[in-house]
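Below are the structure tokens for one structure; questions will follow.
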Amino acid sequence: MLILLPPSEGKTAPRRGKPLDLESLTAPELTPAREAVVDALGVLCRGDVATAAEVLEVGATQHDLVALNADLASAPTARADTVYSGVVYDALDAATLSPAARRRASTRLAVTSSVFGVVRPSDRIPAYRLSGGTTLPGLGPVAAHWRAHLDPAMTELLGGGLLVDLRSAAYAAFWRPSGDLAPKVATVRVLHEVDGVRKVVSHFNKATKGRITRALLEDGANPSTPARLAEALRDLGWLVEVGEPSAKGTQLDVVVEAL
């Protein structure tokens, strides 16, 4: 099983640590594609700050986020699961996982990254600011860049296991599993139900996905199909509804009433 998470916009910048070593990251065959993003981002952010802020969609009071990108190659790094923060990662709370769950996370968890394509929890990365929908001068749309490079690496990471796709739409555009993988793809949507009305609410969606990830890692469940994933989640206390299989996989709706 491979649980695929989105990154977080918010990140905790390491104060110290080894500089970035792209070849040490998961899927080193992506090194040239990663270098292209790091280089394009560096050129942008070492230039006019106002222009870079506009491209990166950061406010006038957030120019420090531009500075994060200026010299990524020499910036201090830390484990990806400590750099990524925000609602998903607060709920996952990787630092407090049991030893067994942390071992499972090292092989069952991956994060889509605008700069690095995909990383594992233990990969050492710097903090950066680059959203999935950004178009970088000299590179083009970040999502299109990764669509052109990620498939072999992601297919190898997945192997013959189940893909539990918890990515948001922006990051789902980086890599779409081929049709032959559809029976092994489960996409998870979180619906908040109030007085019989269901809707997607960002905070509930992100927090629940973090909790689902944590629970699966702690429990040790390793389902091989979307139907068995639904069973595992029900056993862990969630209300789960399973959609019809499609050419893109099977959608699981997790319905929550409160955090």
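Per DSSP H run of at least 4 residues, take -39500 (n - 2.57); add these up for the chain, divide by its residues and hand me the 222 nm value, nearest 500 deg cm²/dmol.
-10500 deg cm²/dmol
Let me ask something additional. Ratio to report: Rg/Rh of the range 203-259, with Cα atoms as the point set and Rh obtained by the Kirkwood method; give two decimals.
Taking Rh as the inverse mean 1/r over Cα pairs, Rg/Rh reads 0.96.
Let me ask something additional. Mind checking Rg over Rh on the range 50-106, alpha carbons, Kirkwood formula for Rh?
Using Cα coordinates only, the ratio equals 1.13.
Same structure, new question: Among LYS199, LYS248, LYS18, determine the one that fluctuates most according to a GNM of the chain built with springs between C-alpha atoms less than 10 Å apart.
Among LYS199, LYS248, LYS18, the largest mean-square fluctuation in the Gaussian network model of the chain belongs to LYS199.
For the chain, what is the percent of antiparallel DSSP beta bridges, rounded to the nearest 5?
If I count the DSSP bridges inside the chain, around 50 percent turn out antiparallel.
Rounded to the nearest 0.05, what FRET efficiency do GLU9 and GLU244 have when you use their Cβ-Cβ distance and R0 = 30 Å?
Rounded to the nearest 0.05, the efficiency is 0.35.
Something else about it: Got a sec to turn the phi values of the range 98-106 into Karplus ³J(HN,Hα) couplings, 6.51 cos²θ - 1.76 cosθ + 1.60 with θ = phi - 60°, whole Hz, x for Gly and Pro?
5, x, 5, 5, 5, 5, 5, 4, 5
Then there is this: Would you mind working out the magnitude of the charge dipole of the chain relative to its Cα centre, with +1 at each Lys and Arg C-beta and -1 at each Asp and Glu C-beta, to the nearest 20 Debye?
Dipole magnitude for the chain comes out near 440 debye.
How much length would be gained if the chain were fully extended between ARG198 and ARG228, taking 0.36 nm per residue of separation minus their Cα-Cα distance, in nm to one decimal?
8.4 nm
Step through the residues of the range 151-156 one at a time and calculate ³J(HN,Hα) from phi using the Karplus curve (6.51 cos²θ - 1.76 cosθ + 1.60, θ = phi - 60°), rounding each to whole Hz and writing x for Gly and Pro.
4, x, 5, 5, 5, 5
I'd like the Karplus ³J(HN,Hα) series for the range 120-132: coefficients 6.51, -1.76, 1.60, θ = phi - 60°, whole numbers in Hz, and an x wherever there's a Gly or Pro.
Couplings: 9, x, 8, 4, 8, 9, x, 6, 8, 10, 7, 7, x Hz.
Then there's this: Name the residues whose placed amide hydrogens come within less than 5 Å of the amide hydrogen of LEU239, ignoring near sequence neighbours (fewer than 5 apart) on the same chain.
Amide H neighbours of LEU239: VAL255.
To the nearest 20 debye, what is the magnitude of the charge dipole of the range 155-259 about its Cα centre, counting +1 on the Cβ of each Lys and Arg and -1 on the Cβ of each Asp and Glu?
Dipole size: approximately 340 debye.
Give the value in nm², to one decimal: projected area of the alpha carbon convex hull of the range 2-256, averaged over all directions.
Its average projected convex-hull area is 13.8 nm².
Please name which of PRO6, ILE212, SER74 has its Cα lying farthest along the dipole of the range 2-256 towards the positive end, using unit charges on Cβ (Lys, Arg +1; Asp, Glu -1) and the Cα centre as origin.
ILE212
Considering Cα pairs under 8 angstrom that are at least six residues apart, work out the relative contact order of the range 2-256 and quote it in whole percent.
Over the range 2-256, the number comes to 23 percent.
Something else about it: For LYS248, list the lysines whose Cα falls under 25 Å from its own Cα; do not include residues on the same chain fewer than 8 positions away.
Hits, sequence-local ones excluded: LYS184, LYS199, LYS206, LYS209.
To the nearest 20 debye, what is the magnitude of the charge dipole of the range 1-90 about its Cα centre, counting +1 on the Cβ of each Lys and Arg and -1 on the Cβ of each Asp and Glu?
That gives the range 1-90 a dipole magnitude of about 340 debye.
Still on this structure, I have one more. Treat each spin label as a single point 7 Å out from the Cα along the C-beta direction, and report the GLU218 to ASP48 distance in nm.
5.1 nm
Net charge near MET154: determine it from the other residues with C-beta under 13 Å of the C-beta of MET154, scoring Lys and Arg +1 and Asp and Glu -1.
Summing Lys and Arg as +1 and Asp and Glu as -1 gives +1.
Hey, can you grab everything whose amide H is under 5 Å from the amide H of LEU2? Only 5+ residues off in sequence or another chain; H modelled, so Pro and N-termini drop out.
It is LEU162, LEU163, VAL164, by chain and number.
Let a ≥ b ≥ c be the square roots of the eigenvalues of the Cα gyration tensor of the range 73-179; is it rounded (a/c under 1.5), or, if not, prolate (a/b larger than b/c) or oblate?
Oblate, because a/c is 1.5 or more while a/b does not exceed b/c.
Right, next: How far is the Cα center of the range 157-210 from the Cα center of the range 1-74, in Å?
What the calculation gives is 25 Å, centre to centre.
Same structure, new question: Residues with amide H under 5 Å of VAL118's amide H, sequence separation 5 or more or different chain, H placed in the peptide plane at 1.01 Å from N; which?
Here SER113 satisfy the definition.
Every number here is computed from the coordinates shown, using simple stated rules; none is lab data. Note that the structure is predicted; figures quoted are calculated from it, not measured. All Cβ positions, glycine included, derive from the backbone under ideal geometry; neighbour counts span all protein chains shown.
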